[in-house]
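Enquirer: After the structure tokens below, expect a handful of questions from me.
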Amino acid sequence: MPYLAAVKGDKMGKNYRAELVGVFGDPVDGNPTGVMEEAAFAACGLNYRYLTLKVTKEDFDDAMKAIHAFHMKGMNLTMPHKITVLPYLDELSEAASIIGAVNTIVVKDGKLFGENTDGKGFVQALKNNDVTLEGKKIVILGAGGAAKAIAVECALAGAAQVTVMNRTLARAQELADVLAKHTKTKAQAQELSAGQKIPADTDILINATCIGLHPDSDKKPDIDYDTIRDTMVVSDVVFNPADTLFLKEAAGRGAKTVNGLGMLACQGALNFTLWTGQEAPLDVMEDTLRMEFAEVS
Ligand code: NDP
């Protein structure tokens with residue numbers, strides 16, 4: 001159905017009421033998700049609106065009540081609400097429960113279902129590049145929120161081994177302990193030191209730190225890039241720029257690369273499907289992000 005027809009309602013009866021989704025966070029000013037989701041709704045002729053809403057910690061309780069009051073279809077959560085939201089939810093996905101953080105709510109029959117699509121978007125982006133996780137040895141640089149979501153999904157997808165390398169060893173150990181407790185993957189922690197060598201038997205290397213993110217796009221993780229082999233798949237969570245220095249160095253050593261923009265689009269596409277029940281126009285979402293980042297880079 002064309003977009004305007006969807007907005008105006010069809011001939012069977014007018015329906016001017018939009019379905020609402022959005023994001024609660026603080027800050028949210030630079031959050032690109034709304035632009036991507038709105039482009040997808042428009043492309044599919046869906047009368048949905050994505051609201052990018054600044055919600056402080058103090059106002060979070062009121063905001064959660066508004067989900068019910070406005071009969072919203074769902075919500076994204078970003079800093080600082082991904083953990084605070086847990087007591088408000090009726091049900092959690094397996095991954096969200098292991099990660100202990102939720103970035104997506106789906107409302108069904110008045111009940112709130114919590115999901116974490118950060119890691120699932122990563123796995124889907126790999127799949128779209130013909131990369132599978134079963135039996136693979138994975139090295140993750142970083143142990144923050146993104147690293148945790150990715151590590152858990154890799155483990156649930158059957159990775160043989162996950163090595164978490166982080167500047168702060170205690171945080172890497174904490175994540176390895178979570179993997180060891182809840183999954184069958186062999187998990188280990190290591191301090192990320194200057195000029196870090198990547199083990200030769202690594203199948204997939206992931207930068208899950210924020211190093212290289214705009215405006216610091218001239219930076220890259222401090223590892224020994226000559227230990228990257230052409231048999232490795234190398235991926236970055238940084239989505240702006242899509243072609244990070246980290247990925248350029250890896251591509252220069254013959255490695256296959258998968259960028260963070262694809263991960264972000266896949267994550268948005270999963271949310272779109274959870275809220276609308278329809279397949280998402282992934283190409284539209286990726287193109288929208290590329291255009292958006294071209295403007296801010
Ligand atoms: P966190 O703040 O939770 O974690 C940051 C991680 O980066 C920590 O492990 C931290 O180490 C490490 N780090 C930061 N600076 C340095 C440095 N100079 N040297 C070494 N390590 C460093 O952030 P998130 O996990 O939430 O986000 C990480 C990145 O992932 C961001 O760029 C974010 O935009 C991106 N992201 C991308 C998504 C996508 O869909 N593509 C989805 C979600 C996030 P330490 O513990 O020692 O401080």
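Readers should treat all values here as calculations from the given coordinates under stated rules, not as data from a laboratory. Source: prediction; values computed, not measured. When we count neighbours, we look across all protein chains shown, and the Cβ atoms used for this are built from the backbone with ideal geometry, even at glycine.
Enquirer: So how do Arg17, Arg290 line up by other beta-carbon neighbours within 10 Å, fewest first?
Expert: Arg17, Arg290
Enquirer: Please give the charge dipole size of the stretch 235-297, origin at the Cα centre, charges +1 on K and R Cβ atoms and -1 on D and E Cβ atoms. Round to the nearest 20 debye.
Expert: It works out to roughly 280 debye.
Enquirer: Roughly what angle does helix 282-296 make with the longest principal axis of the chain, taking Cα atoms, 0 to 90 degrees, to the nearest 10?
Expert: Orientation of helix 282-296: about 80 degrees from the principal axis.
Enquirer: List, in order, the whole-Hz ³J(HN,Hα) value for each residue of the stretch 154-165 obtained from phi through the Karplus relation with A = 6.51, B = -1.76, C = 1.60 and θ = phi - 60°; use x for Gly and Pro.
Expert: 4, 5, 5, 7, x, 4, 6, 8, 10, 9, 9, 10
Enquirer: Report, by chain and number, residues whose modeled amide H sits under 5 Å from the one on Leu112, excluding near sequence neighbours (fewer than 5 apart, same chain).
Expert: Excluding prolines and chain starts, which carry no amide H, the hits are Asp90, Glu91.
Enquirer: A further question on this structure: In 5 Å bins starting at zero, report the fraction of Cα pairs in the stretch 96-234 per bin as a rounded %.
Expert: Per 5 Å bin, starting at zero, the Cα-Cα P(r) for the stretch 96-234 comes out as 2, 10, 19, 22, 21, 14, 7, 3, 1, 1, 0 percent.
Enquirer: Report the charge-dipole magnitude of the chain in Debye, nearest 20, computed about the Cα centre from +1 at each Lys and Arg Cβ and -1 at each Asp and Glu Cβ.
Expert: The dipole magnitude comes to about 440 debye.
Enquirer: Going by alpha carbons, how many degrees (0 to 90, nearest 10) lie between the helix axis of 169-182 and the longest principal axis of the chain?
Expert: Around 70 degrees separate the two axes.
Enquirer: Can you work out ³J(HN,Hα) from phi for every residue in the stretch 255-263, in order, using Karplus 6.51 cos²θ - 1.76 cosθ + 1.60 and θ = phi - 60°, giving whole Hz and x for Gly and Pro?
Expert: For the stretch 255-263, the Karplus curve yields 6, 7, 10, 10, 8, x, 5, x, 5 Hz.
Enquirer: Moving on. Longest segment of the chain with no GluC sites (Glu not before Pro) in a DSSP loop having at most 11 other Cβ atoms within 10 Å?
Expert: Counting at most 11 other Cβ atoms within 10 Å as exposed, the longest clean stretch of the chain is 135-278.
Enquirer: Right, something else. Towards the positive end of the charge dipole of the chain, with charges on Cβ (+1 Lys, Arg; -1 Asp, Glu), say which of Val131, Leu205, Thr273 has the farthest Cα.
Expert: Thr273
Enquirer: In whole Hz, what ³J(HN,Hα) sequence does the stretch 46-55 give by Karplus (6.51, -1.76, 1.60; θ = phi - 60°), x for Gly and Pro?
Expert: 9, 8, 10, 10, 10, 9, 8, 10, 6, 10
Enquirer: Taking the Cα centre of the stretch 47-152 as the origin, how large is its charge dipole in debye, to the nearest 20, when only Lys and Arg (+1) and Asp and Glu (-1) carry charge on their Cβ atoms?
Expert: Rounded to the nearest 20 debye, it is 280 debye.
Enquirer: Which lysines does Lys181 reach when only Cα atoms under 22 Å apart count, and residues fewer than 8 places away in its own chain are ignored?
Expert: Lys82, Lys120, Lys136, Lys137, Lys148
Enquirer: Amide H to amide H, which residues 5 or more places from Ser235 or on other chains are under 5 Å from it, using H placed in the peptide plane?
Expert: Leu205, Ile206, Asn207, Val258
Enquirer: Then there is this: So what's the angle, to the nearest 10 degrees on a 0 to 90 scale, between helix 118-128 and the longest Cα principal axis of the chain?
Expert: So the inclination is approximately 80 degrees.
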